[in-house]
Amino acid sequence: MKRLLFFMMAVCAMTAAAQEEKSVTLDEVTVKGSRTVQKVDGQWIYPSKQQIESSSNGYSLLAKLTLPHIRVDEAMNSITALTNLGSVQVRINDIIATREDLLSLDMQGVDRIEFIDNPGVRYGEDIAYIINIRVKKPTSGYVVGSQLTNTLTTVNGSESLFGKVNHGRSEFALNYSLDYRNFKGAAYNETSAYHLENGDVVTMNRHSQNTQNKNLSHQAQFTYSLSDSSYVLQAKLKGSTNICPQRRDASMVLNETPYDEHSSSRNSLPSIDVYYHQDFLRHQSLTANVVGTYIKTTGDIENNEGGDYHYTTDGQTYTLWSEAIYENRLKPFTLSTGAQFAQRYSHNIYQGDVEATNDMHTSSLYLFSQLKGHLGLLNYMGGLGVSRRYYRQADTKQNFWLFRPKLTVSYPIAEGLKLKYDFEISQHTSQIALVSDVSIKQNSMETILGNPDIHPNRMTSHHLLLSYDTPRFTSELQGYYRINSHCNMEKYIRQNGHFYQTQTNADNECSFFYVESYNQWDIIPDKLSATVYGGIYRFFNFGEDYTHTYTSFNGGCSLEAYLGSWVLGAYADNGWNFMEGEHRGHQAPAWYFTASYRMSDALSISLFVQHPFSQHPLTNKTEVVSRYVQKDISQHYRDYGNMITLKLSWRLDRGRKYRDIQRTMNHSDNETGIVSPKLIE
């Protein structure tokens, strides 16, 4: 059914886009110019008046833009990158935004969205997409509001309150949110084949009978900002914790033998963030940011397949992160240079069937310099990042120097038609948990084995983009090719009838390329718009003792209709299908309908219907194709099927006046470094 829905939406969008302009009769429609402006590192998008007025928060606005490779789930307050190029980072006025910042976004002050799909060296590593929301600075008045989001078909909700007061140069902001869920009905199925040393093959079938995931947590955030036209001084205090432990309980069956899986964890994460930005000499600026984070984690995990296996975790992580950036806006280019420094200490204790104390000291120093400007019609961005990474764990010490050159050029071929090329060499560093020397049993046949000797790997990428823009139509055709040399790839080790999953560098190489088209059409300006995108992806994985290839199609489409106080929308994508190492992954597809009604300037109501026409939609699918271990894993979730969520948004503001752009910030750490089994959520 989901494939039929996806196909019908794509056909409808393309058919509507093909209609002749003369077939549409409109009153008082004025098209002043394209709302999309192509830049050397991405594009600027100017939301329409209808999009801003019908959006209750930042998630709502971004969902209406249908950005390439980005899935925005407005009901669940999540933003996902539909590729494995890296993560997506959302910012407000250049600084990383929290979920609370997006929920309380001042919609009246939104100026534009800067979608950067080609981040420069300024943004660090493993960042594939930047969504930067430019918002004007309020100088007076206040705004208070709340958003109550509740799923009608299961126990799931998010309730938030916020308020901002501006007086003179000062702003006080307070946010509080409460999240809860109790999901049931997960159907987990796994068929595995293990090849032993004597040639025998052990086949196992694991499936769940009853599974429950529940969580109750809250977050609070206080921000004070002091600013005028030339400087911003801002301090933010943020804290989050689980009111009740986050639990997962599952009754499993292995080849008709029942066993239980349980996990419980509690996290507390306070952070303090101090930010300062100063403009001077009209075209120069200096930015400084210091962030301190503390993470307290406790856990209790039980996996009784093949016998009792129970252990607890108690972890503490301290992080200090700082950044300083100097920028000089010269003509015809802008010079940016700066440094980032981070120091992290993790102390994790495992007790029970896993007895270990893991202390990890890591530090990094990142220096970068970048030029961005134009030579006639040629726009360019070039830079170099250099980083030093230090790592110490027990007797293992590592010290790396990593280099990241990057060059991007774009040139207008004709009116509305632009060609852009990007070249980059960068390094990828594994997550802290993967380099831990702790071993955790996955099941009776497998163990996850950390590798402290993993080295960062080099990534070389080429990106060619041809874009065409008119006031009502945007189209992109792009090709991308990446080579990961000596990359961190998984490896299964067979020993005495047991299998250890780890990662190695050696002579591994992982590469892929894709060709994709993205098209967006304002069928009726400010009334009806359609988006269709899709591409072919090809993956190559060359390990120490294996070669795996895979070809997939990834795409999606959407429709948005603005009918006075009503906004109707439909969205569908087929997820993200990829292969990395010996895993072939299938991110779950998504399809949903939305309807929003603006009752007044202060009150709006929205209805989300997710995964309609499906009782048990797929939420995860993975295949393992090792010569020692083959697996076919899938999970379907009853509570995600025909999921209906209602959101009530209320916002009241008085005396709001605006001036130039304000910056906010958040760079708190959230990586605990604790090794855990791969539990299906």
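The values are calculated or read from the model by the stated rules, or taken from the named source; none is laboratory data. Model, not experiment: these values are computed from the prediction. When we count neighbours, we look across all protein chains shown, and the Cβ atoms used for this are built from the backbone with ideal geometry, even at glycine. Accessible surface is based on the protein model in full, side chains and every heavy atom, while ligands, DNA and RNA are left aside. Shrake-Rupley method; radii C 1.70, N 1.55, O 1.52, S 1.80 Å.
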Check on Gly585, open to solvent by less than 20 Å² (accessible area, probe 1.4 Å), out of contact with any strand residue (DSSP E or B) (no Cβ under 6 Å at 6 or more places or on another chain) and in contact (Cβ under 8 Å) with a residue 24 or more places away in the chain: no
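Has segment 60-67 got any residue that is closer than 29 Å to Leu378 by Cβ, crowded, with 21+ Cβ neighbours inside 10 Å and at pLDDT 80 or above?
Going residue by residue through segment 60-67, those that are closer than 29 Å to Leu378 by Cβ are 65, 67.
Remaining after also requiring crowded, with 21+ Cβ neighbours inside 10 Å: 65, 67.
Add one more test, that the residue is at pLDDT 80 or above, and what stays is 65, 67.
Scanning segment 60-67 turns up at least one residue that is closer than 29 Å to Leu378 by Cβ, crowded, with 21+ Cβ neighbours inside 10 Å and at pLDDT 80 or above.
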Some residue of segment 91-110 being open to solvent by less than 30 Å² (accessible area, probe 1.4 Å), out of contact with any helix residue (DSSP H, G or I) (no Cβ under 9 Å at 6 or more places or on another chain) and under 19 Å from Gly479 (Cα atoms): no
Members of segment 244-278 that are within 25 Å of Thr298 (Cα to Cα) and aliphatic (A, V, I, L, M): Ala250, Met252, Leu269, Ile272
Qualifying residue in segment 235-249 (condition: touching a strand residue (DSSP E or B) at 6+ places or on another chain (Cβ under 8 Å), small (Gly, Ala, Ser) and buried (at least 18 other Cβ atoms within 10 Å of the Cβ)): yes
Answer from Gly199, Gly163, Gly157 - the residue that is in a loop (DSSP other than H, G, I, E, B) and either free of Cβ contacts under 8 Å to residues at least 60 places away in the same chain or open to solvent by less than 10 Å² (accessible area, probe 1.4 Å) (or both): Gly199
In segment 297-313, residue nearest to Gly239 (Cα to Cα) [restricted to those that are open to solvent by 10 Å² or more (accessible area, probe 1.4 Å) and not in a strand (DSSP E or B)]: Tyr309
Residues satisfying the stated conditions in segment 529-559, i.e. in a strand (DSSP E or B), charged (D, E, K, R) and modelled with pLDDT under 95: none
Output for segment 372-386, where each listed residue is without any contact (Cβ under 8 Å) to a residue 60 or more places away in the chain and under 20 Å from Ser461 (Cα atoms): Gly382, Val386
Any pair with Cβ under 6 angstrom, 6 or more apart, that starts in segment 36-52 at a residue that is open to solvent by 30 Å² or more (accessible area, probe 1.4 Å) and ends at one that is of a type outside the set (A, V, I, L, M): Val37/Trp44; Trp44/Arg112; Trp44/Glu114; Tyr46/Arg35; Tyr46/Arg112; Gln50/Asp526; Gln50/Tyr562
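Table: residues versus (1) out of contact with any Asp or Glu (no Cβ under 6 Å at 6 or more places or on another chain); (2) among the aromatic types (Phe, Trp, Tyr); (3) more than 30 Å from Ile425 (Cα to Cα); (4) open to solvent by 10 Å² or more (accessible area, probe 1.4 Å).
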position: Phe499; (1), (2), (3), (4): no, yes, yes, no
position: Ser511; (1), (2), (3), (4): yes, no, no, no
position: Leu528; (1), (2), (3), (4): yes, no, yes, yes
position: Gly534; (1), (2), (3), (4): yes, no, no, yes
position: Tyr537; (1), (2), (3), (4): yes, yes, no, no
position: Glu560; (1), (2), (3), (4): yes, no, yes, yes
Flag if Met9 is at pLDDT below 50, surrounded by 20 or more Cβ atoms within 10 Å (Cβ to Cβ) and not in a loop (DSSP other than H, G, I, E, B): yes
Selected residue [free of Cβ contacts under 8 Å to residues at least 60 places away in the same chain and over 30 Å from Val232 (Cβ atoms)] from Arg266, Arg282, Arg248: Arg266
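Kindly indicate which of Ser251, Ser271 is within 29 Å of Gln351 (Cα to Cα) and within 23 Å of the chain's Cα centre (by Cα).
Only one candidate passes the filter, namely Ser271.
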The listed residue being part of a loop (DSSP other than H, G, I, E, B), without any contact (Cβ under 8 Å) to a residue 40 or more places away in the chain and of a type outside the set (Phe, Trp, Tyr), out of Asp507, Asp526: Asp507
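Results for (1) of a type in the set (Ser, Thr, Tyr); (2) farther than 22 Å from Glu323 by Cα, shown as yes or no for each residue.
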{"residue": "Thr223", "(1), (2)": "yes, no"}
{"residue": "Ser227", "(1), (2)": "yes, no"}
{"residue": "Val232", "(1), (2)": "no, no"}
{"residue": "Lys238", "(1), (2)": "no, no"}
{"residue": "Ile243", "(1), (2)": "no, yes"}
{"residue": "Met252", "(1), (2)": "no, yes"}
{"residue": "Pro258", "(1), (2)": "no, yes"}
{"residue": "Pro270", "(1), (2)": "no, no"}
{"residue": "Tyr275", "(1), (2)": "yes, no"}
Matching residues, segment 183-212, being in contact with a helix residue (DSSP H, G or I) (Cβ under 9 Å, 6 or more places away or on another chain) and either modelled with pLDDT of 90 or more or among the charged types (D, E, K, R) (or both): Phe183, Lys184, Ala187
Scan of segment 510-539 for residues that are closer than 25 Å to Leu465 by Cβ and acidic (Asp, Glu), ordered by number: Glu516, Asp522
Subset of segment 360-381 [touching a Pro at 6+ places or on another chain (Cβ under 8 Å) and either outside any strand (DSSP E or B) or open to solvent by less than 50 Å² (accessible area, probe 1.4 Å) (or both)]: Gly373, Leu377
Condition broken by Arg134, with the remaining ones in (1) of a type outside the set (Asp, Glu); (2) under 15 Å from Gly109 (Cα atoms); (3) more than 25 Å from the chain's Cα centre (by Cα); (4) open to solvent by 10 Å² or more (accessible area, probe 1.4 Å) satisfied: (3)
Output for segment 65-106, where each listed residue is among the basic types (Lys, Arg) and more than 14 Å from Gly556 (Cα to Cα): Arg91, Arg99
Criterion (open to solvent by 50 Å² or more (accessible area, probe 1.4 Å), modelled with pLDDT under 95, among the hydroxyl-bearing types (Ser, Thr, Tyr) and part of a strand (DSSP E or B)) met by exactly one of Tyr294, Tyr318, Tyr276: Tyr276
Residue list for segment 405-426, filter: open to solvent by less than 40 Å² (accessible area, probe 1.4 Å), within 21 Å of Gly383 (Cβ to Cβ) and either without any contact (Cβ under 8 Å) to a residue 40 or more places away in the chain or small (Gly, Ala, Ser) (or both): Ser410, Glu424, Ser426
Some residue of segment 118-126 being closer than 30 Å to Val624 by Cα and surrounded by fewer than 17 Cβ atoms within 10 Å (Cβ to Cβ): yes
Strands (runs of 3 or more DSSP E) completely within segment 68-107 that count 3 or more residues being modelled with pLDDT under 85 and closer than 29 Å to Tyr481 by Cβ: none
Close pairs from segment 455-466: first closer than 30 Å to Lys397 by Cβ, partner open to solvent by 70 Å² or more (accessible area, probe 1.4 Å), Cβ under 6 Å, at least 6 apart: Asn457/His486
